[in-house]
Amino acid sequence: MKDLLQRTPLALIAAGGLALFANTLDNSFHYDDAHSIVDNPHLRSLTQIPRFFVDPGTFSAMPEARMYRPLLLTSYALNYALGGAEVWGYHLVNLILHLANVWLVWLLGRRLAGKGAWLACLLFLLHPVVSEPVNYISSRSALMATFFYLLGLWLVVRAGEEELRPRHLVWVGLCYAAGLASKEIAFTFPLAAGLYLCLLAPRRPWRLLTGPAVLSVVYLLWTRAIVGKAMGEPVRALGAQWATQLKGVVFYGWTLVAPVHLSVEPQFSVAKGWGEGAVVLASLLLVSAAVVLGKGSSRTALFCLGWSALALLPSALVPLNVLVNENRLYLPLAALALGLGGMSRWLGRTWLLALLPLALLCFLRNQAWQDELSLWTDAVRKGPLMARPYVNLGKAYLEAGQYPEAIAASRRALELNPELDRAHYNIGTAYLHQDHLEEAIASYRRALEIRPELIEAHNNLGNAYLEQGRSAEALAEYRQALAIQPHPSIYHNLGKAFLNMGQADSAAAAFVQSLALDPENPEAHKGLAKAYRSRPQEALALLQEALRRWPQERAFWLLRGDILLGLGQEQEAREAYQQAGQDEAEVQLHLGDEARRQGNWTQAKTYYEQALQGGKQSGRIYNAIGECLAALGNSPEALEAFRKAAQLEPQLGVAYANIGKVNLKYDRLLEAVAALEKAVELEPKQVSFWELLGGAYARAGKYLQAVGAYQQVLRLQPENAQAWCDQATALLRLGKGEEALAAYERFLHLQPAENPLRQQVQQQVEALRRQLHR
């Protein structure tokens, strides 16, 4: 049995790892995964791989998150090429990397710890702190860097036991280069290798470190802009950083010994100075431990402790946003596990009992990583005074559609730290989803005051402006966002804005830019096809290519049908609609819609009636027939059709709006008001319905209600000049001259000089001013 265990460690490690981490494969992406993986357009094509090695900007969709980790990005791109955005594939790769690292710990343990290799590899396999690197896809950087770090050390150990050969130099250099291309923590590898050669190696082939030394210099020169910014513009003073990390060493030690309160962002504070009690006590404790270990420990233990300290050095020296993090313990744990393995002869078999509760804690910790809500709910419970977890919890609530909870969590973050731009952004986004546009705009503006380069805030502020009809301001925000970093989704929004403004050529240019950055985005193809409606042959060519890529995409077939119908190619259009899964009645609907667009109301009515004959009884068809009848001057029959539409589909707001229109035409004001009130109840974002209701109220002499209706119009579209004018007129009827004057002045500000109504209103404003100043 003993020989079997020695010969088949990989199979046993794999079996144990799969059993322990089987509950991780369905866990979700988490926080930084969004910008570095999910939204990162550079990962969509394997042709981008060479660029990863020369452009740190490819690391993220966020321009400020520049990192030089090309090998990590290559692994993400391969993941995407093989399985798209399916999260289980990413988790599987992380798990395989962890198991490979466990195997390397076993290999090193055979040389450094002898029979203690099993203790070392099992402890490293199942300690709860490894849960974060396995579950958090972005922690693959630590897994990959650790893999090459351990492999390089194993090669150094072998080279120290036998005659040095050129292949040793090459492989050690390649491992170090690959580690640096995965994460910066590999930078300490030459120091750890040197420590091994000093303390444990039978031979001391220092030439092994020549290549890593040269690579270190090249790496620092290549990444000097990134490293220089981190050290030259630190998130906290260097003195405070180093004092904080000194007490952090004690925190890490306790976390490894008693991993029962693990958190993605633990409760921990910045040191106030070197004289802080916790810092002084940590210093004394570490000095005492160093003295004791220096006198009584074996060389293996000293090497492993020194190696673990070196592994923590990069995050200790360079200030990072997160003060302490269990992910940073991954590589040090490998070293400490080997050191503990070397002591196994004194532990007997008791260490087996300790592994069982650790395995259970690890399994339970995996469950906290199930999704963003579970992760950040756990974090705020364990760290109620930490602001960032509340921000991330607010984001998780946003993604879950729980907007009041998102606002509450983000406001709690602002109570702890009022300068958190992301908290203001979360609040703005929650308000945007709730159609509270003014509140959303105020929150986005506050976020941008704190951090003017927050690209998402510019983008969503543009979306809010667009919802209000403030197209020029929306375009300005999109352009500001693109000036910070060109991004396909922002070009896509810019294209949609131009489409809404009727500027098809500008829209097409924006969609082309979006596709240049992300050719695999079907939504940008759809937008470009719509922009090409006036250039049907180009639109059809584009749709043909899109359908080659996404043959099951229904929207492309529908667009193709619409364009062919516009060209008069009815049979080909029918075939396209049928490919989209449309039945004959639905095809008749499309034919009717196209006839309406061409102003052929009689033909449109015929098509709609044929759809009804085909058994397609729907409110939308009766509403369309009513609109055709109204356009043909047959209002009584139109009203009957609208009523039938409302009867069939009680939630069809446009049917009630049309009922209101017809009743207004015949001065049946009570019926008109009732129908329009129902329309705005069903579709409160439909500006035209509020405009109709405001006019109905005014004609019925209900000026106060009319003012309220126009206020709703202006809430949705603050730049709606006609609504300001109509509101001013209603206010004047109520005797509110000052408010009416302000509304008229706003109308004059918005209205172009050539508008004939402007002169009439200008005269009224001058008369009102004289009246108010008598």
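Each peptide among 272-285, 727-740 gets the average number of other Cβ atoms lying within 10 Å of its residues, and from highest to lowest they stand as 727-740, 272-285. Between 0 and 90 degrees, the angle of helix 737-750 with respect to the longest Cα principal axis of the chain falls at about 70 degrees.
Computed from phi, the 3J(HN,Hα) profile of segment 477-485 under the Karplus parametrisation 6.51, -1.76, 1.60 (θ = phi - 60°) reads 5, 4, 5, 5, 4, 5, 5, 6, 7 Hz, with x in place of Gly and Pro.
For segment 128-192 versus segment 508-535, the spacing of their alpha-carbon centroids is 44 Å. Relative to the current alpha-carbon distance between residue 500 and residue 760, full extension at 0.36 nm per residue lengthens the span by 90.6 nm. Segment residue 66..residue 381, full-extension length gain: 110.2 nm, with 0.36 nm per residue of separation and the alpha-carbon distance subtracted.
Solvent exposure of segment 188-316, expressed per residue, is 53 Å² of accessible area, with all protein chains present and a 1.4 angstrom probe. Taking the C-alpha atoms only, the angle from helix 117-126 to the longest principal axis of the chain is near 20 degrees. Answer with a single label: of (i) 1.80; (ii) 1.22; (iii) 1.04, which was calculated as Cα Rg over 2.2 N^0.38 Å from the structure in view? The calculated read-out lines up with (ii).
Between 225, 257, 242, the Cα set farthest toward the positive side of the dipole of segment 214-284 (charges on each charged residue's Cβ, about the Cα centre) is that of 225. Amide H contacts of residue 28 (H built 1.01 Å from N, in plane; Pro and chain starts excluded): 371 sit under 5 Å, all sequence-distant by 5 or more or on other chains.
Picking from 89, 36, 107, whose Cα lies most toward the positive end of the charge dipole for segment 1-120 (charges on Cβ: Lys, Arg +1; Asp, Glu -1)? Going by the charge dipole, the pick is 107. Between residue 54 and residue 666, the FRET efficiency from the beta-carbon distance, with R0 = 56 Å, is close to 0.20. The phi torsions of segment 690-696, fed into the Karplus equation with coefficients 6.51, -1.76 and 1.60 and a -60° offset, translate into couplings of 5, 4, 4, 5, x, x, 5 Hz, rounded to whole numbers, with Gly and Pro shown as x. Of the residues 507, 13, 427, the one whose Cα sits farthest toward the positive end of the charge dipole of the chain, with +1 on the Cβ of Lys and Arg and -1 on the Cβ of Asp and Glu, is 13. At a Förster radius of 56 Å, what calculated FRET efficiency corresponds to the Cβ-Cβ distance of residue 640 and residue 47, to the nearest 0.05? The pair residue 640/residue 47 has a calculated efficiency of 0.40. With axes computed from alpha carbons, what is the tilt in degrees of helix 554-566 against the longest principal axis of the chain, rounded to the nearest 10 within 0 to 90? Taking the Cα atoms of the chain, the angle to 554-566 is about 30 degrees. Going Cα to Cα from residue 605, which aspartates and glutamates come in below 20 Å? Please leave out same-chain ones fewer than 8 positions away. The qualifying aspartates and glutamates are 562, 570, 583, 584, 586, 593, 594, 627, 637, 640, 649. Taking a point 7 Å from the Cα of residue 92 along the Cα-to-Cβ direction, the residues of segment 25-44 with backbone N closer than 13 Å to it are 25-26.
Packing, taken as the mean count of other beta carbons within 10 Å per residue, orders the peptides 465-471, 659-665, 491-497 from highest to lowest as 491-497, 659-665, 465-471.
Where the accessible area of the chain is counted over protein heavy atoms with a 1.4 Å probe, how much of it, in %, is carbon and sulfur?
Carbon plus sulfur share of accessible area: 58 percent.
The gain in end-to-end length when the residue 578 to residue 631 segment is fully stretched comes to 16.1 nm, 0.36 nm per residue minus the alpha carbon separation. With K and R counted +1 and D and E -1, the other residues having a Cβ less than 13 Å from that of residue 504 yield a net charge of +2.
Residues within the reach of a label modelled at residue 771 (point 7 angstrom out along Cα to beta-carbon, backbone nitrogen below 20 Å), restricted to segment 689-724, are 698-708, 723-724. Backbone geometry of segment 726-734 corresponds, through the Karplus equation with coefficients 6.51, -1.76 and 1.60 at θ = phi - 60°, to 3J(HN,Hα) couplings of 5, 5, 4, 4, 5, 5, 4, 5, 7 Hz, x marking Gly and Pro. Overall, the chain carries a charge dipole of about 2920 debye about its Cα centre when +1 sits on the Cβ of Lys and Arg and -1 on the Cβ of Asp and Glu, all other atoms neutral.
The values are calculated or read from the model by the stated rules, or taken from the named source; none is laboratory data. Just so you know, these numbers come straight off a predicted model, no measurement behind them. Cβ atoms come from the backbone with ideal geometry, glycine included; neighbour counts cover every protein chain shown. Surface accessibility is based on the protein's heavy atoms, side chains included, excluding ligands, DNA and RNA. Shrake-Rupley method; radii C 1.70, N 1.55, O 1.52, S 1.80 Å.
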